[in-house]
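Contents: one structure, followed by commentary.
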Amino acid sequence: MDMILGVPIAVLAGQLLLGVINGAFYALLSLGLAVIFGLLKIINFAHGALYMLGALTTVVMFDAFGVNYWVSLFLAPILVGFVGVLIEYFLLRRIAHEDHIYSLLLTFGVALVIQGVLTNIYGVSGLRYSMPDVFRGGVNLGFMFLPYYRAWVIVIALLVCFGTWFMIEKTKLGSYLRAGTEDSQLMQGFGINVPLLVSLTYGFGVMLAAFAGVLAAPIYSVSPVMGGNLLIVVFAVVVIGGMGSIAGAVITGLLMGVIEGFTKVFYPEGASAVIFLVMVIVLLIRPSGLFGKEA
Amino acid sequence: MSNPVDREYEQLRISGLHAFYGESHILHGINIVVRRGELVTLLGRNGAGRSTTLKAIMNMVGKRTGSIMINGTDTLSCAPHQIARLGVGYCPEHRGIFASLNVQENLTLPPVVRSGGMGLEEIYNMFPNLYERRFSQGSKLSGGEQQMLAMARILRTGANMLLLDEITEGLAPVIVQKLGEVLMKLKAKGLTIILVEQNFHFAAPLADRHYVMEHGQIVEEISADELEAKQSLLNNYLGV
């Protein structure tokens with residue numbers, strides 16, 4: 001078997017693929033965080049719980065009503081996004097004028113409540129969700145075996161990330177978001193309904209998290225605690241990429257997934273720590289992050 | 001704008017306005033009336049409350065009491081975006097050009113609030129520099145270009161009452177002169193303009209009336225034809 005640096009290519013490629021997939025999830029989640037942070041200046045600690053809600057909704061809707069994967073792909077983000085709009089409207093808006101540390105604590109509390117209630121109902125052992133038949137199997141690329149579903153996750157996640165970037169950078173609605181990020185009060189002075197824009201933006205960021213949750217349902221263990229661990233890593237990704245940078249969130253997400261994958265091959269013990277190591281180094285050298293604007 | 005301007009129509013009536021930033025009480029019972037098509041200045045030294053008056057009209061300060069009628073509607077309980085939609089165009093002192101948007105995006109950002117605004121072509125004719133730089137990022141503009149853009153941006157929306165805060169501040173004389181020409185054109189079109197201005201020589205030939213502010217109050221109202229007679233009083237207030 002061919003080897004690179006004493007490692008079989010198949011092993012290397014396999015870990016790389018896993019890395020890219022993890023990276024796709026990091027990218028989707030940190031993208032949502034970046035969108036929310038940009039306009040609301042809120043560090044959304046509820047993001048992991050809302051990602052979990054997307055996955056759990058998918059499983060529960062299938063078990064209870066037989067809602068299939070494709071419908072869930074649209075329906076779950078819409079439902080969870082609506083939950084997000086409610087959270088913004090009834091909770092975050094009331095403390096929007098306070099120091100942002102309060103909204104951080106509030107979203108953290110919301111996450112704990114959602115997680116706690118659902119743990120009570122569903123436990124933590126993980127629910128089964130079988131992937132649609134069309135994704136069974138995979139294709140042999142010669143040097144590795146690529147499961148269809150993993151390929152789909154990478155493609156659709158990248159498409160959604162690109163679509164979001166395009167919407168923010170190239171459209172009229174996106175120009176509202178970018179301008180609102182700079183000076184939302186003046187935007188409102190021009191006649192733009194900023195409170196509505198804030199609600200919708202939070203809802204959209206939450207939809208991205210829920211969408212990642214639906215994608216995760218067939219391959220990760222779905223349980224009420226699935227978002228907690230992931231969120232810490234995603235925060236590290238956001239810090240590395242630079243708070244509020246849209247492209248930075250996506251590129252860094254993928255990059256960190258790959259770095260994690262490589263580390264699993266060459267030094268497995270360090271795999272769970274490597275992202276945080278990168279974070280420390282980036283913070284020391286470039287405190288505003290790789291893609292952040294210098295303060 | 002083709003309708004004849006009813007110059008008796010009260011576009012803005014501020015009565016007994018108090019405004020606060022947190023605990024600090026900035027405006028102490030202001031009364032101002034501006035009729036349609038008038039160009040009125042707010043003069044005074046720094047910190048007299050002129051910019052705060054404009055912000056208070058836009059509901060961009062903390063607490064406000066009193067009354068602010070725009071076109072006969074009391075706006076004290078209106079959100080800023082609702083006030084803008086009554087036909088008010090606000091140009092802040094810091095100009096508020098969005099650095100991450102290019103010139104054209106900045107220009108087309110504010111939604112149209114009334115019919116009768118200027119088209120892009122008309123605006124580019126008025127400000128040829130902006131046309132040349134229409135794809136430049138807001139952050140790349142000179143101070144003069146930023147100010148032109150900040151003005152142009154509210155002309156497209158059809159706003160018929162403009163609140164302009166220190167538009168000549170820190171600009172080269174040739175640009176100040178250009179802004180003066182623009183204001184004359186807008187006045188001829190029948191727009192109502194409230195101008196906060198440090199540069200009295202810029203404001204004097206343009207304005208119909210002047211309100212002089214001190215310590216958050218209106219201390220003097222001077223019409224254009226009284227200006228000569230009250231010049232020394234005014235100099236006293238402005239500290240020149």
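Values in this text are rule-based calculations from the coordinates and carry no lab data. These numbers were taken from a predicted model, which means no experiment stands behind them. Backbone-built Cβ (ideal geometry, glycine too); neighbour counts: all protein chains shown.
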**Complete:** A convex hull over the alpha carbons of chain B yields, per residue, a volume in Å³ of 122
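Would you mind computing Rg(Cα) / (2.2 N^0.38 Å) for region A:178-295, counting N as its residues?
Normalised Rg, Cα atoms only: 1.28.
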**Asked** Which value, in debye to the nearest 20, gives the size of the charge dipole of the protein assembly as shown about its Cα centre, when Lys and Arg are +1 and Asp and Glu are -1 at the Cβ?
**Response** 740
**Cβ-based exposure ranking for B:LEU130, A:LEU105, in which fewest neighbours within 10 Å come first** = A:LEU105, B:LEU130
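So if R0 is 60 Å, what FRET efficiency would A:LEU277 and B:ASN46 give, r being the distance between their Cβ atoms, rounded to the nearest 0.05? Mind showing how you got there, number by number?
Working: r = 51 Å, r/R0 = 0.86.
Efficiency, rounded to the nearest 0.05: 0.70.
Decide, for region B:99-142, between rounded, prolate and oblate: order the square roots of the alpha carbon gyration tensor eigenvalues as a ≥ b ≥ c, take rounded if a/c falls under 1.5, and otherwise choose prolate if a/b is larger than b/c, else oblate.
Values: a/c = 3.18, a/b = 1.42, b/c = 2.24.
Oblate, because a/c is 1.5 or more while a/b does not exceed b/c.
Rounded to the nearest 0.05, what FRET efficiency do A:PHE90 and A:TYR148 have when you use their Cβ-Cβ distance and R0 = 41 Å? Walk me through the numbers on the way to the answer.
Numbers: r = 41 Å, r/R0 = 1.01.
It comes to 0.50.
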**Message:** Under the 0.36 nm per residue contour assumption, what length would be gained going from the current alpha-carbon distance of A:LEU18 and A:HIS97 to full extension?
**Reply:** 24.2 nm
**Asked** When the convex hull of the C-alpha atoms of region B:1-118 is computed, what volume per residue in Å³ does it have?
**Response** 132
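Counting only other residues whose beta carbon sits under 9 Å from that of B:LEU54, what net charge do I get with K and R as +1, D and E as -1?
Details: positive: B:ARG50, B:LYS55; negative: B:GLU93, B:ASP165.
Summing Lys and Arg as +1 and Asp and Glu as -1 gives 0.
Is it possible to state the helix-based mean residue ellipticity at 222 nm for chain A, with each DSSP H run of 4+ residues giving -39500 (n - 2.57), the sum divided by total residues, to the nearest 500 deg cm²/dmol? What is it?
Numbers: 10 runs with 209 residues, N = 295.
Computed ellipticity for chain A at 222 nm equals -24500 deg cm²/dmol.
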**Request:** Compute the relative contact order of chain A as a whole-number percentage, counting only Cα pairs closer than 8 Å that sit 6 or more residues apart in sequence.
**Result:** 39
**Message:** Cross-link candidates for B:LYS55: which lysines have Cα within less than 26 Å, leaving aside residues fewer than 8 places away along the same chain?
**Reply:** A:LYS41, B:LYS63, B:LYS178, B:LYS185, B:LYS187, B:LYS189
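Tell me the net charge near B:SER232. Cut-off is 13 Å between Cβ atoms, B:SER232 excluded, with +1 for each Lys or Arg and -1 for each Asp or Glu. Don't skip to the answer; put the middle values down first.
Numbers: positive: B:LYS230; negative: B:GLU220, B:GLU226, B:GLU228.
That sum, taken over residues with Cβ under 13 Å, equals -2.
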**Message:** Averaged over its residues, how many other protein chain Cβ atoms are within 10 Å of peptide B:48-58's Cβ atoms?
**Reply:** 1
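Might you report the magnitude of the Cβ-based charge dipole of chain A about its Cα centre, with Lys and Arg at +1 and Asp and Glu at -1, to the nearest 20 debye?
Values: 12 positive and 12 negative charges, 48 e Å.
So the dipole magnitude of chain A works out to roughly 220 debye.
Shielding of A:174-186 by partners, i.e. mean partner chain Cβ atoms within 10 Å per residue? Walk me through the intermediate numbers first.
On the way: counts 2, 9, 3, 1, 6, 11, 1, 2, 7, 6, 0, 7, 13.
Mean partner-chain Cβ count within 10 Å for A:174-186: 5.
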**Equivalent ellipsoid semi-axes, region A:3-285, via Cα gyration tensor eigenvalues times 5, rooted, Å** = 31, 23, 18
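With charges set only on the Cβ (+1 for Lys and Arg, -1 for Asp and Glu), what does the dipole of chain B come to about its Cα centre, in debye to the nearest 20?
With Lys and Arg at +1 and Asp and Glu at -1, about 600 debye.
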**Prompt:** Which stretch or stretches of region B:27-69 have amide N atoms under 18 Å from the point lying 7 Å from B:TYR9's Cα along the Cα→Cβ direction?
**Reply:** B:33-40, B:69
**Item:** Inter-site label distance for B:GLU228 and B:ALA79 at 7 Å from Cα along Cβ, in nm
**Value:** 5.2
**Asked** Lys/Arg Cβ at +1, Asp/Glu Cβ at -1, dipole of the protein assembly as shown taken about the Cα centre: which of A:GLY180, A:HIS97, B:GLY66 is farthest positive-ward?
**Response** A:GLY180
**Complete:** Summed over the other residues with a beta carbon less than 11 angstrom from that of A:ASN22, with K and R at +1 and D and E at -1, the charge totals +1
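At a 10 Å Cβ-Cβ cut-off, how would you order B:VAL196, A:VAL238, A:VAL278, fewest neighbours first?
On the way: B:VAL196 24, A:VAL238 29, A:VAL278 20.
By the 10 Å Cβ count, ascending, the order reads A:VAL278, B:VAL196, A:VAL238.
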**Prompt:** Rounded to the nearest 0.05, what FRET efficiency do A:ASP133 and B:SER24 have when you use their Cβ-Cβ distance and R0 = 51 Å?
**Reply:** 0.15
